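Structure first, then comments.
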Amino acid sequence: MALWKPDPTFYASPRDAVSAPPEGLAYVAAFDPSSQGPDAVLVVDVDPDSAGYGTVVGRTSLPNTGDELHHMGWNACSSALCPYAPHPHVERRYLVVPGLRSSRIYFLDVKKNPTAPEIAKVLEPEELAKHAGYSRPHTVHCGPEGLYVSSLGGANGNDGPGGIALLDHDSFEVLGRWEVDRGPQHLAYDAWWHIAHDVLVTSEWGTPSMIEDGVVGELLLGRRYGHALHFWDLRKRRHVQRVDLGDQHQMALELRPAHDPTRQWGFVNVVVSVEDLSASIWLWHREDGASDGPWTATKVISIPAEPAPAEALPPVIQPFGAVPPLVTDIDLSVDDRWLYVSCWGTGELKRYDVTDPFHPTEAGSVQIGGIVRRTPHPSLPDVPLAGGPQMVEVSRDGRRVYVTNSLYRSWDDQFYPDGVGAWMAKLDSSDTGFDFDSRFFPHGDDFGGLRVHQTRLQGGDASSDSYCYP
């Protein structure tokens, strides 16, 4: 049902979002690593004044097995206020939850009972394939005129190309393939935009066969994974430019554009360099600062691998004698000041001050888990942890940072063959400090045997919304 007034969780500007009330709940995508039981969306209490703080207070199990839930999004968000395609009377009511292995998409109503979301609709893979030509939905973003679902595979068993399916944000029907002219783009991963400039950006991971069973050494050393950014005309849905980061920089993944709509820059992470196992962060921007010139990308952060004895490493990296950082996620605070970088391999979460995005400065770091370190959480100092900071999410006001530790089932098992476990941690972030909240550490059996992947915060978060007003 349409609202008489705009949803109060829609914010015209980043400034409005930063000053909004804090979240009380977090929704966490969790999956059964055995594929024998159902995946679930878990509800975690994140209100520090609540008696249930830091615990799982709700669980919606899904009706199928083998989905492997991945990157959720909202059916509508702050972009609904954009002047060129306004939809001010929709509401942020449904979580859109894709299964990366099954190609199935669930729509969960969180309004009726926020701690017990109800399944409102299930979009079967046949519908996605028939109407958009895609499979393996990976990432969901709410745009002003619909839902953008970035997908890794083609329809009917085709390995690619991947691309974007557009869904109606009211009926959830598949409208069709977003791309009118895809140009040279074949690999897919994330998609985001500079919405006020009619620019869409996409990144690259691999096709389903390239990622399904873990990283493929021959493909990695052969420099076959994604290593480029693609820039598109958002309104015309046409490819404009490809920017190659260099084929040594394998797997260019998460896109984090500036939230300020007057700015035309953003960050992307590269998982690994095949030359030295380092990870890196790149800044995309217009050449020479021109407002409408060609795009380029500049490496602004490099994180080196750490030497380690071969016997302490999983087989996949034993020949290298080092632990790669494996930067698998990044997040940019809504005020565009802090960039958070997850080093899933070494077990470190780094914070950078990106006030000058061309010259980030490290401004804090914490350690937890890691392939070799197995650093415990402060609340359980005698319990070594597997996994590392993987998905990272930041509250609208930038004061709270949430991390979970699972990447993808086959990749978990490859890099943590003795078991990755399951845990979620929270950090407090301010001008004067960046450290763990010792009261918040759901882990292990708290998740009922599931691994936890991505977090969405009630009312929106730093990676869920885009804004049309400065």
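The values are calculated or read from the model by the stated rules, or taken from the named source; none is laboratory data. Please read all numbers here as calculations on a predicted model, not as lab measurements. Here Cβ is always computed from backbone atoms with ideal geometry, including for glycine, and neighbour counts include all displayed protein chains. When the accessible area is computed, the model is the full protein with side chains, heavy atoms only, and any ligands, DNA or RNA have been set aside. Shrake-Rupley method; radii C 1.70, N 1.55, O 1.52, S 1.80 Å.
Annotations
- Segments classed as strands (runs of 3 or more DSSP E), wholly inside segment 355-470, with at least 1 members that are closer than 30 Å to E311 by Cβ and among the β-branched types (V, I, T): 361-367, 400-404, 451-457
- The one condition from (1) of a type outside the set (S, T, Y); (2) open to solvent by 50 Å² or more (accessible area, probe 1.4 Å); (3) in contact (Cβ under 8 Å) with a residue 40 or more places away in the chain that Q36 does not meet is (3).
- Within segment 440-454, being within 21 Å of P384 (Cβ to Cβ) and not hydrophobic (A, V, I, L, M, F, W, C) holds for P442, H443, G444, D445, D446, G449, R451.
- Look at segment 361-379: where a residue is under 18 Å from A422 (Cα atoms) and open to solvent by 60 Å² or more (accessible area, probe 1.4 Å) and a partner is part of a strand (DSSP E or B) and of a type in the set (S, T, N, Q), sitting 6+ places away or on another chain with Cβ atoms under 9 Å, you get Q367/T375; R373/Q367.
- Strands (runs of 3 or more DSSP E) wholly inside segment 93-194 containing at least 2 residues that are farther than 25 Å from S466 by Cβ: 118-123, 147-154
- Among the conditions (1) part of a loop (DSSP other than H, G, I, E, B); (2) open to solvent by 40 Å² or more (accessible area, probe 1.4 Å), the only one that D16 does not satisfy is (1).
- Residue match in segment 59-81 (condition: over 25 Å from A165 (Cβ atoms) and either in a loop (DSSP other than H, G, I, E, B) or aliphatic (A, V, I, L, M) (or both)): no
- Candidates A310, A305, A297, A279: the one that is aliphatic (A, V, I, L, M), surrounded by fewer than 18 Cβ atoms within 10 Å (Cβ to Cβ) and closer than 27 Å to V215 by Cα is A310.
- Residue in segment 342-353 that is touching a helix residue (DSSP H, G or I) at 6+ places or on another chain (Cβ under 8 Å), without any contact (Cβ under 8 Å) to a residue 60 or more places away in the chain, within 18 Å of N405 (Cβ to Cβ) and open to solvent by less than 10 Å² (accessible area, probe 1.4 Å) present: no
- Being open to solvent by 10 Å² or more (accessible area, probe 1.4 Å), touching a His at 6+ places or on another chain (Cβ under 7 Å) and touching a residue at least 12 places away in the same chain (Cβ under 8 Å) holds for only one residue in G160, G146, G217, and it is G160.
- Complete set of residues in segment 313-333 that are open to solvent by 40 Å² or more (accessible area, probe 1.4 Å) and not β-branched (V, I, T): P315, Q318, P319, F320
- V383, sole failed condition from (1) in contact (Cβ under 8 Å) with a residue 40 or more places away in the chain; (2) surrounded by fewer than 20 Cβ atoms within 10 Å (Cβ to Cβ); (3) aliphatic (A, V, I, L, M): (1)
- Yes/no for L229 being modelled with pLDDT of 95 or more, open to solvent by 10 Å² or more (accessible area, probe 1.4 Å) and out of contact with any His (no Cβ under 8 Å at 6 or more places or on another chain): no
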